Amino acid sequence: MSQPIIEIRNYSLNFWTFDGVYHALDDVNLTVEKGQSLGIVGETGCGKSVTVRNILGLLPSPPAEVVSGEILYDGKDLLKALPAEMHRIRGIEIAMIFQDPMTYLNPVFTVGRQLVDVVLAHNRARGQGEKISRKDAETRAIEMLNKVRLPNAEKQMSNYPHQLSGGMRQRVLIAMALIGRPKLLIADEPTTALDVTIQAQILELIAELVEELNLSVMMITHDLGVVAKSCDRVAVMYAGKVVETGTVAQVFDHPAHPYTQGLLRSIPHPEKNVSVLEGIPGFLPNLLDPPAGCRFAERCPRALDICRKVTPVGNPLAGGHVASCHLAEELEAASA
């Protein structure tokens with residue numbers, strides 16, 4: 001087993017709201033080894049993006065409050081890092097691709113200006129003795145736009161974000177994330193707003209760059225197909241908790257948590273001759289007042305009395321496969 005590049009240990013996070021304390025994350029544990037890609041999946045609101053955003057310190061406190069846990073990057077707890085330390089890590093060692101380019105690209109500056117400013121900012125943060133010139137930064141920006149296969153890269157430097165298509169803007173965001181040559185790339189639903197054809201191109205591009213630059217990846221998505229194509233391991237989240245982890249083959253072929261099974265049943269399949277897809281009944285619980293026991297119990301067709309009273313812990317199965325379910329071993333065997 002290789003050295004972990006990021007470890008999230010027993011991580012719990014609350015948000016202070018006008019309605020009370022929202023228990024967004026509860027005892028989250030995740031590990032990404034060097035050179036590995038981890039997919040984090042689950043419904044909207046289950047805590048995927050919240051989990052990874054505080055790796056980069058992107059959640060303001062207040063309203064966010066870390067209750068417990070550690071986020072270890074190369075052995076260092078990022079939750080205890082000083083602002084100056086995070087400034088040296090953010091975007092340089094750990095970078096993030098966001099899901100909405102029009103939100104994260106400034107509409108009043110050209111693409112070139114924004115990329116050049118990122119290069120110069122990274123150079124200052126590294127504290128390198130020799131400062132890079134603006135001309136050299138422009139050259140570096142054009143090289144990265146060519147690397148992400150943006151058509152007419154040099155010409156696009158003078159364009160504004162609104163002059164580019166959705167797929168082109170996403171390529172600019174990828175270039176912006178990778179221009180600092182990070183070790184860990186976090187991709188937060190990078191293809192959500194794109195059509196299927198462009199989505200496939202972006203995923204292929206990310207996979208090629210990951211291999212070329214030897215990156216570790218955390219891919220946040222609600223699309224299980226993206227995980228199957230792009231990731232080595234997968235973590236399934238529900239209502240602020242990680243309910244199942246394992247290799248893609250383990251989780252997809254032998255799901256051991258009822259929620260994971262429900263997600264997989266809801267996927268369209270060419271061999272399934274059905275007119276209506278099977279969904280998961282009910283809704284996510286209100287995390288202002290989380291239920292006792294398993295948070296999925298009210299929606300689970302297999303729920304027992306113990307499920308509504310006792311919170312299940314990670315049940316280790318074969319080959320590092322883990323599921324937080326009182327029936328995990330039985331469900332894994334049934335899916336074999």
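The values are calculated or read from the model by the stated rules, or taken from the named source; none is laboratory data. Keep in mind it's a predicted model, so treat the numbers as computed, not measured. Cβ placement follows ideal geometry from the backbone for every residue including glycine, while neighbour counts extend to all protein chains displayed. Areas reflect the complete protein model, heavy atoms only, side chains present, ligands, DNA and RNA absent. Shrake-Rupley method; radii C 1.70, N 1.55, O 1.52, S 1.80 Å.
Share of carbon and sulfur in the accessible area of the range 20-113 stands at 54%, probe radius 1.4 Å.
Within a straight-line Cα-Cα reach of under 19 Å, Lys155 can be paired with the following aspartates and glutamates, leaving aside sequence neighbours fewer than 8 residues apart in one chain: Asp117, Asp136, Glu138, Glu143. Remark on the range 9-59: hydrodynamic radius 12.4 angstrom, per the Kirkwood mean of 1/r across alpha carbon pairs.
For the range 148-202, a Kirkwood radius taken over Cα pairs fed into Stokes-Einstein (10 °C, viscosity 1.306 mPa s) yields D = 131 µm²/s. Once the chain from Asp232 to Glu204 is taken as fully extended at 0.36 nm per residue, the excess over their C-alpha distance is 8.6 nm.
The three principal axes of the C-alpha atoms in the chain carry coordinate ranges of 67, 49, 44 Å, sorted with the longest axis first.
The value of relative contact order for the chain, using C-alpha pairs under 8 Å at least six residues apart, is 21 percent. Protection proxy ranking for 61-67, 168-174, 182-188, using the average of other Cβ atoms within 10 Å per residue and placing the highest first: 168-174, 182-188, 61-67. Shown for the range 215-329: the carbon plus sulfur share of the solvent-accessible area, taken with all protein chains present and a 1.4 angstrom probe, equals 56%. Estimated purely from DSSP H runs of n ≥ 4, each contributing -39500 (n - 2.57), the mean residue ellipticity at 222 nm for the chain is -9500 deg cm²/dmol once divided by its residues. Mean sequence separation of contacting Cα pairs (under 8 Å, at least six apart), scaled by the length of the range 1-135, corresponds to a relative contact order of 24 percent. For the chain, set up a GNM with springs between Cα atoms under 10 Å and report which of Gln163, Gln199, Gln99 has the largest fluctuation. So, out of Gln163, Gln199, Gln99, the one fluctuating most is Gln163. Could you tell me how many degrees, from 0 to 90 and to the nearest 10, lie between the Cα long axis of helix 196-213 and the main elongation axis, the longest principal axis, of the Cα atoms of the chain? It is inclined by approximately 70 degrees. Over all distinct Cα-Cα pairs of the range 154-254, the Kirkwood formula returns a hydrodynamic radius of 15.0 Å.
Ellipsoid semi-axes for the range 186-336, based on the Cα gyration tensor and the rule √(5λ), read 28, 18, 16 Å when sorted largest first. Across the range 1-108, the fraction of Cα-Cα pairs farther apart than 23 Å, rounded to a whole number, is 32%.
Calculated FRET efficiency, Leu213 to Ile267, Cβ-Cβ distance, R0 = 35 Å: about 0.70 to the nearest 0.05.
Provide the percentage of antiparallel DSSP beta bridges, counting only those with both residues in the range 110-265; round to the nearest 5. Taking every DSSP beta bridge within the range 110-265, about 55 percent pair in antiparallel fashion. For Asn10 and Arg126, the difference between the fully extended length at 0.36 nm per residue and the C-alpha to C-alpha distance is 38.7 nm.
Maximal additional length on extending the Glu329-Leu82 stretch stands at 84.6 nm, based on 0.36 nm per residue less the C-alpha distance.
Surface analysis of the chain yields an accessible area of 49 Å² per residue, using protein heavy atoms and a 1.4 Å probe.
For the residue pair Tyr160 and Phe18, what label-to-label distance in nm results when each label sits 7 Å from Cα along the Cα-to-beta-carbon direction? That separation, rounded to one decimal, is 3.4 nm.
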